[in-house]
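Reviewing the structure listed below.
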Amino acid sequence: MTFNDFNFNEGLAEGVRSMGYKTPTAIQQQAIPVIMQGKDVIACAQTGTGKTASYLLPVLNNIHHTDQTQISTLILGPTRELVQQIDQQVEGLAYFAGISSLAVFGGGDGIAYEQQRKGILNKVDILIATPGRLISFLTSGALKLDHLQYFVLDEADRMLDMGFYSDIMKIITYLPKKRQTLLFSATMPPKIRTLARSILHEPEQINIAISQPAQGILQQIYKVHDEQKTPLIATLLKSGQFASSIIFASTKEKVKALTKDLKAAGLNVDAFHSDIEQREREEILLHFKNRQLPVIIGTDALSRGIDVEGIDLVINYDVPGDPEDYIHRIGRTARAATTGTAITLVNERDQRRLANIQQLIDKQIEEVSLPPELGEAPKFKPHSNTRNKGRRPTGQNRNKGKKPNRPKPSGTK
C-alpha cells in the first residue's frame, strides 16, 4: 500500500511527497480511511508509529473540500513542544494545499499572547493548542468555535496524567455538538475509555501494538553503582557510534548536575527542563534538530514533547518509576521504521522497576558488561517481581501457635 491509494487531493498529495512519505504505517492504514468517512475514532498506538499524520492527512484532505472562513479544526495537545511540532507538520503537509494553522500555548510574554490573539482573528483553518491557553481565549471571548467540524485530542493519556480532565470537559462546552471527534493515545487506561464514552459518538476503535517498544530498538541495560553512571555515559558518547542522543533523568536536579559533569568532560550537551525560558528551550530544540547539538538531557516531559527523526541513542540515567514512561522515553529513537539503541543504567534500588518494565514488554532486556576501566559492576541479589514471594499467603499460618477462632455452630451460645 502507498499514500496514492488514499486518493488525497493534489495539493495534499504534493505535500505528502515533499515530506518524503512513501508507505503508510499500520496506524495510518487503519485510521485514515475511517476518518475520511467521517466517523469518530479512538485510536491507541505506541509513540513513533506516525499517529500525527494518521489524523492530519484525512482532516487536511476534508478541509480542502470545504469553503469556509472560520476555524474548522481544533487539535489539543498536552505540551507547548508537541503543539509546535504538530503545527510544523501541518505546515509541511499543507504547504501546497493553501491550508493555514496557528499554534496557541502559554509560557510566553504579553507579546506572544497578543500575536496569538491576532492570529485567531485572522481566521486560520486549524488551531493547535494547549488546554490552559485555549481556555483563556475562549473565556475572554477572543475565540469562537461555533463552526468547528473536527476536534482532535492528541496524547490524551498524557493530558489526563497532567490533570487536564476538567479543562478538556470545559473546552467541550464551547464546541458544537455536531462534530467529528478523534482521540489518539499511546496507552489506553480505563480513564481514557471513560473520557471517550463521554465525548465521542459511536467511535471506531483502533489498537496498534499497545505498550510495546518499536521493533527497531536495540534495548540494553548496564548494571552500575551510582558513581559509575556519568563516566559510563561519557564513554558511550565519546565512542563515536552515535550522532544524536537523548538522555533522560528523573528530576531537574539530576538533569542539571549531569549536564554540568558532561560539559566538564568536554562533551557538547545541553539541558532541557522547565526552569529554562521558553525561548531558550525552543533554541535548544532547534539546534538539536539541526544536528548542531548532538546531545540533549531532560526529564520525562521531553519524552512526550519532542519529535525528531534520526535520534540513534536514548540513555535512561535512571530507570523510570512508571513502565509506560520507559516506552515513551525509548520511543524517541527508531521512529518511522528506522533503528536505534536504548540503554538503561540500573542500580540495586532500580531492580524492581526494571522487573516491572520487562513484565510490561514481555521481554528480558539484554545486559551488557561495563568497560573494564570503569571498575567492576555491582553484583545484585536475584530479584523477583512476584510481590508476595517469601510472604505467607493471606490467612495461611497467620495464627501459627495460637488457638484458631472458629465460628460457633448455629444455635449455640
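The values are calculated or read from the model by the stated rules, or taken from the named source; none is laboratory data. Remember, predicted model here, so these are calculated numbers, not experimental data. No Cβ is skipped: glycine too gets one built from the backbone with ideal geometry, and neighbour counts run over all protein chains shown.
A few comments on the model shown:
- Among the criteria (1) out of contact with any strand residue (DSSP E or B) (no Cβ under 7 Å at 6 or more places or on another chain); (2) exposed (fewer than 13 other Cβ atoms within 10 Å of the Cβ); (3) at pLDDT 95 or above, the one residue 235 does not fulfil is (2).
- Only one of 229, 191, 252, 223 that is within 18 Å of the chain's Cα centre (by Cα) and charged (D, E, K, R): 191
- Taken over the stretch 364-395, residues that are assigned to a loop (DSSP other than H, G, I, E, B) and at pLDDT 90 or above amount to 10.
- Qualifying residue in the stretch 216-231 (condition: free of Cβ contacts under 8 Å to residues at least 60 places away in the same chain and touching a Leu at 6+ places or on another chain (Cβ under 6 Å)): no
- Scanning the stretch 1-46 for residues that are crowded, with 21+ Cβ neighbours inside 10 Å and closer than 26 Å to residue 188 by Cβ yields 24, 27, 28, 31, 32, 35, 41, 42, 43, 44, 45.
- Count of the stretch 257-288 residues which are without any contact (Cβ under 8 Å) to a residue 40 or more places away in the chain, surrounded by 18 or more Cβ atoms within 10 Å (Cβ to Cβ) and in contact with a Ser or Thr (Cβ under 9 Å, 6 or more places away or on another chain): 6
Per-residue answers, yes or no, for (1) outside any loop (DSSP other than H, G, I, E, B); (2) at pLDDT 90 or above; (3) within 20 Å of residue 150 (Cα to Cα):
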residue	(1), (2), (3)
4	yes, yes, no
8	no, yes, yes
14	yes, yes, no
21	no, no, no
30	yes, yes, yes
34	yes, yes, yes
38	no, yes, yes
42	yes, yes, yes
48	no, no, no
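- Here residue 300 passes the criteria (1) charged (D, E, K, R); (2) under 17 Å from the mean Cα position of the chain (by Cα); (3) closer than 25 Å to residue 373 by Cβ except the one numbered (3).
- Hey, residue 143 closer than 30 Å to residue 119 by Cβ, crowded, with 20+ Cβ neighbours inside 10 Å and touching a helix residue (DSSP H, G or I) at 6+ places or on another chain (Cβ under 9 Å) or not: yes
- In this structure, residue 69 does not satisfy being closer than 16 Å to residue 184 by Cβ and hydroxyl-bearing (Ser, Thr, Tyr).
- Some residue of the stretch 28-48 being of a type in the set (Ser, Thr, Tyr) and within 19 Å of the chain's Cα centre (by Cα): yes
- Per-region count, the stretch 154-197, residues farther than 26 Å from residue 141 by Cα, β-branched (Val, Ile, Thr) and surrounded by 13 or more Cβ atoms within 10 Å (Cβ to Cβ): 2
- Condition check for residue 342: touching a residue at least 40 places away in the same chain (Cβ under 8 Å), at positive phi and not hydroxyl-bearing (Ser, Thr, Tyr): no
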